[in-house]
1. Mind grabbing the base-10 log of I(q)/I(0) for segment 265-334 at q = 0.15, 0.21 Å⁻¹? Debye formula, identical points on the C-alpha positions, no solvent, two decimal places.
2. Ignoring any ligand, DNA or RNA, what whole percent of the accessible area of the chain comes from carbon and sulfur when the probe is 1.4 angstrom?
3. Of the residues 135, 197, 17, which exhibits the maximal mean-square fluctuation in a Gaussian network model of the chain defined by a 10 Å Cα contact cut-off?
4. Taking the Cβ-Cβ separation of residue 260 and residue 59 as r and a Förster radius of 56 Å, what is the calculated FRET efficiency to the nearest 0.05?
5. Order of 64-72, 313-321 by packing, highest average Cβ count within 10 Å first?
6. Quick one: if you take sqrt(5λ) for each eigenvalue of the C-alpha gyration tensor of segment 31-158, what semi-axes come out, biggest first, whole angstrom?
7. Looking at 78, 195, 94, which one has the Cα that reaches farthest to the positive end of the dipole of the chain (charges on Cβ: Lys, Arg +1; Asp, Glu -1)?
8. Could you tell me which of rounded, prolate or oblate describes segment 189-228, using a ≥ b ≥ c as the square roots of the eigenvalues of the alpha-carbon gyration tensor, with rounded for a/c under 1.5 and, failing that, prolate when a/b is larger than b/c and oblate otherwise?
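The values are calculated or read from the model by the stated rules, or taken from the named source; none is laboratory data. Only a predicted model underlies this, so the values are computations on that prediction, with no experimental measurement involved. Note: ideal-geometry Cβ built from the backbone for every residue, glycine included; neighbour counts use all protein chains shown. When the accessible area is computed, the model is the full protein with side chains, heavy atoms only, and any ligands, DNA or RNA have been set aside. Shrake-Rupley method; radii C 1.70, N 1.55, O 1.52, S 1.80 Å.
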Amino acid sequence: MLHAFFSLAPLFVALLCTLNIISHWEQRSNAQRSLLVYTIYNVMYFSTTGYFMFNGFPNWLAIPWLLSAWMLDPAFYYTILRFTSERNKLDWKNYLLVLPSLIAAAIQLFHPEFFNSWTDRILKIVFTSSIYAVCLQKVFRFEKQINNSYSETEDKSPRPIRILLVVMLVFSLVEFTANLLPVGDMSNALLYFYWICFAAILYSVVYVINGYQFSALEMEHEIEEDDLEIDNPNSLSLKNVTDSQEQIGKALSKLMNDDYIFLQQNLKINDLASMIGTNRTYLSRYVNQQLNMLFSDYINSKRIKYAVAVLKATPDISLIKLTAKSGFANRRSFLINYRKFTGKPFQENK
């Protein structure tokens, strides 16, 4: 009974996660809905695996088992793709990682002798690691885009997804190492831990993805809306648009040092570009290349420098007032950036 409980735990979690996504379908974003494909493959994989464990390996279950085993990682990649890719970049090239899975599953089905235990396991870990590496690269690029577009990034940061990917990569390496051992050499306690880890990883994926409320598509919509405002005849950006790095630098310096524009809450790079009379690409290039900083770091470093000066002048100022006065939208954002740019917690300075 105990053996059945632990071995079927991943299947129960997969079923619950699938039902959760379906029951809250209208409340999910398109990116979150794409996770349904991943959970369905998990249901297929763990149900067929469970059947094999208790009833042997019938030929009629080979196709769904092989398909689900090789398609789990591409299905997860598809979900990451929906979060990190803009609408116009989601083309057929993004789905090429599905082909190796289909080819490997077909070869293993019709020519099982081609795969010995070592070949199958090594190819699987290489394939899985490659997919997670590509997912990490896309998440890092998306995070950089966010940091180059917004001054307040805490509620938009894909950091939880990044951490999840690292955990999944480490677990896949542990799984590969464990699979090198014959099942008979593994204690029941180790097998139970192995299955519980599977269930925990699956639950974590659904929990993190459902809790993340931002995507590249939403960012693209915001940029498009900002561009429409910039095209408005009453917009400040009606000045002659400049791409001169020198002129951008002078205008930016004036806005920061004379107008203290960094104190404006929820400042976006489009707002700043509009005030300067350039576009976000030229301004982003100046901040990244000439100042060697991301937009969010540039703005928040100015805010913290200002906050430190305010704190010296009025040491009894409350955290709430200091947060608002220095341009941060919330206390959490202030505390994170204060530690980041001063190297110590806020409390140490009071």
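1. -0.56, -0.88
2. Using a 1.4 Å probe with all protein chains present, the chain comes out at 60 percent carbon and sulfur.
3. 197
4. The formula returns an efficiency of 0.15 here.
5. Working: 64-72: 20.1, 313-321: 10.7.
In descending order of packing, they fall as 64-72, 313-321.
6. Each semi-axis is √(5λ); the values are 34, 16, 12 Å.
7. Towards the positive end, the residue furthest out is 195.
8. prolate
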